[in-house]
Amino acid sequence: MEIAAFQQRLFEAGRELGCVKMEIYYEQTRSTSVRVSKGDIDAYTIKESGGVSFRAEYNGKMGNAYSERIEEDVIDFLVQEAKSNAEATESSELDQLFAGSASYSAVKTYDAALKSTPPQQFIDAAMDMERIALEFDERITLVRSSSVIVTESDVLIANTEGLNCRASYSTVAGSVSVVATQLGMTTTGDWYDFSMERFEDIDFAAVARRAAHEAVSKLGADTVVSDNYPVIFRHDAASTLLGAYTSIFSADAVDKGFSGLKDKIGEQIAGSNITIVDDPLMNSVPGACSFDAEGHAAMRTEIIKDGKLLTYMHNLKTARKFGAASTGHASKRGYRSKIGIAPHNMYVVPGSASLDDLIAGTEKGLLIVQLQGLHAGTNAISGEFSLSCIGFLIEAGTIVRSVNQITVSGNLFDLLKQIEEVANDLWFTGSCNVPSLKVKGLTISGA
């Protein structure tokens, strides 16, 4: 059943049962993927998932119901379930339904051409990546996976108060994971690329070569003497590190005491070379959107400007509590989940130096390219972190060898004030994006 017709029929049934305010949240994701191994198709998968959540006010209380199916025979179930849950709830707090923003920006998030990509094109690209990775270096002994996936998704949020937001999203991604072996040592390398518009935008050969290079470059790794070192976080490692801490900017986390930024608005919490922006209005980035999970208009938000904390990320609930305006950061992890707060397309504004410039300007230090153990090794309240990592030793401005069996420790809030240089290699790959960063000094535990 088409979702617009389903929504209309659902609201009609709700009114007939006595529901006075209603809202529907719908999402559906479809993906087609191929994975090859040893020159053969290992898996070809077509997957569809999603569903709808329905909330309705009945006798002054709000009830919720959910369904994976979007069919006529589900409508009565949703209405009855929401009514029953409203009657059973003991909470006196009534969810407020949002009537919609005055206007919404146009953002490019979907290209219909991706849907019609011939399956053979998926297969050929995955096969080529596997072959190219194996041919890159004789030390590449195995391609663990070579995959291509095209994903489409639809989201609709509508209610009886006037809100009606709908958007479609599309993306294609190619990824390779390889194993390199030399003198009994085994290393791995992974890389990927994506496009939200055209299959042809991805250089699959470059993805394969980069994955192979990542694995081979780590061979011969050894630890280093424990000490305090200048550290460069390569853009992917820097994004991983800050990405583990994005909750510190959530007004909900601040309110509940789960963020170390409580009462810090207007204070200098980072160096003057650090500006952090969340901009979902950029075209062709993973977090692009015109509205958030509550239907509030998405907007460009400066969170840190020249080191000064300007705002927290707000949804409608925290905005009311803080006496502020929503920043359009309401989020849902799925149609069944509760409203939370999360960034769309957060990034650190890049500088002018290249990663090579940062390395060349380091007399002795470490380049970190991979961080491990982020769930257990980070603390959003204190800012402390202690993470296993992989990287390279720098001496006299040159990479001399790979490094493993080390741990980097520090405090994020101190780190933000000790960033000496911000590189120009910003790459938008997710909800948190950071160019390479050079930090004055961090504790490295090794030999």
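The values are calculated or read from the model by the stated rules, or taken from the named source; none is laboratory data. Note that the structure is a prediction, hence the values are computed from the model and not measured. Positions of Cβ are generated from backbone atoms using ideal geometry, with glycine treated the same way; all protein chains shown enter the neighbour counts. For the accessible areas, the whole protein counts, side chains as well, though only heavy atoms, and no ligand, DNA or RNA atoms are used. Shrake-Rupley method; radii C 1.70, N 1.55, O 1.52, S 1.80 Å.
Taking amide hydrogens as placed 1.01 Å from N in the peptide plane, the amide H of residue 370 sits under 5 Å from those of 390, each at least 5 positions away in sequence or on another chain. Annotation: lysines with alpha-carbon distance below 26 angstrom to residue 47 (same-chain offsets under eight excluded): 38, 108, 115, 332, 338. Applying Stokes-Einstein at 20 °C and 1.002 mPa s to the Kirkwood radius of the chain, computed over alpha-carbon pairs, gives a translational diffusion coefficient of 89 µm² s⁻¹. In order along the stretch 157-162, phi translates into HN-Hα couplings of 10, 8, 8, 7, 8, x Hz, rounded to whole numbers, per the Karplus curve 6.51 cos²θ - 1.76 cosθ + 1.60 with θ = phi - 60° and x for Gly and Pro.
Our helix-only sum for the chain, with -39,500 (n - 2.57) per DSSP H run of n ≥ 4 divided by its residues, gives a mean residue ellipticity at 222 nm of -6000 deg cm²/dmol. The figure for residue 381 is an accessible area of roughly 90 square angstrom, using a 1.4 Å probe on the protein chains alone. Residue-wise HN-Hα couplings along the stretch 223-234, as the Karplus relation 6.51 cos²θ - 1.76 cosθ + 1.60 with θ = phi - 60° gives them from phi, are 7, 10, 5, 4, 5, 9, 10, x, 10, 10, 8, 4 Hz; Gly and Pro carry x.
Expressed in Å, the radius of gyration and Dmax of the Cα atoms of the stretch 178-288 are 19.7, 55. A full extension of the chain between residue 225 and residue 181 corresponds to an added length of 13.3 nm, given 0.36 nm per residue minus the alpha carbon distance.
Enter the angle in degrees (range 0 to 90, nearest 10) between the Cα long axis of helix 75-88 and the first principal axis of the Cα atoms of the chain, meaning the one along which they spread out most. Roughly 90 degrees, rounded to the nearest 10.
Here the convex hull built on the C-alpha positions of the stretch 62-202 has a volume of 219 cubic angstrom per residue. Taking the C-alpha atoms only, the angle from helix 3-17 to the longest principal axis of the chain is near 40 degrees.
Once Rg and the Kirkwood radius are both taken over the C-alpha atoms of the stretch 127-181, their ratio Rg/Rh works out to 1.41. Take every pair of alpha-carbon atoms less than 8 Å apart whose residues are at least six positions apart; their mean separation over the length of the chain yields a relative contact order of 15 percent. Here the stretch 180-231 is treated as an ellipsoid with the same Cα gyration tensor; its semi-axes, largest first and in whole Å, are 31, 17, 6. Here's the list of lysines a cross-link from residue 308 could span, going by alpha-carbon distance under 19 Å and ignoring same-chain residues fewer than 8 apart: 262, 264, 417. Using the Cβ-Cβ distance between residue 256 and residue 375 with R0 set to 22 Å, the FRET efficiency works out to roughly 0.70. Built from the Cα atoms of the stretch 75-130, the convex hull projects on average onto 9.8 nm², one quarter of its surface area. Take the stretch 347-411, compute every pairwise Cα distance, and split them into 10 Å bins from 0; I just need the percent in each bin. Histogramming the stretch 347-411 at 10 Å steps yields 20, 38, 37, 6 percent.
Measuring r between the beta carbons of residue 42 and residue 263 and using R0 = 51 Å, the FRET efficiency lands at 0.45.
Taking Cα atoms only, the orientation of helix 204-217 departs from the longest principal axis of the chain by about 50 degrees. For residue 417, nonlocal amide neighbours, meaning residues 5 or more places apart or on other chains whose placed amide H falls under 5 Å from its own, are 271. Derived from the Cα gyration tensor, the three semi-axes of the equivalent ellipsoid of the stretch 327-447 are 29, 18, 13 Å, largest first. If R0 equals 45 Å, the separation of the Cβ atoms of residue 201 and residue 76 corresponds to a calculated FRET efficiency of about 0.45. The stretch between residue 349 and residue 395, if pulled fully straight at 0.36 nm per residue, gains 13.8 nm over its current Cα-Cα span.
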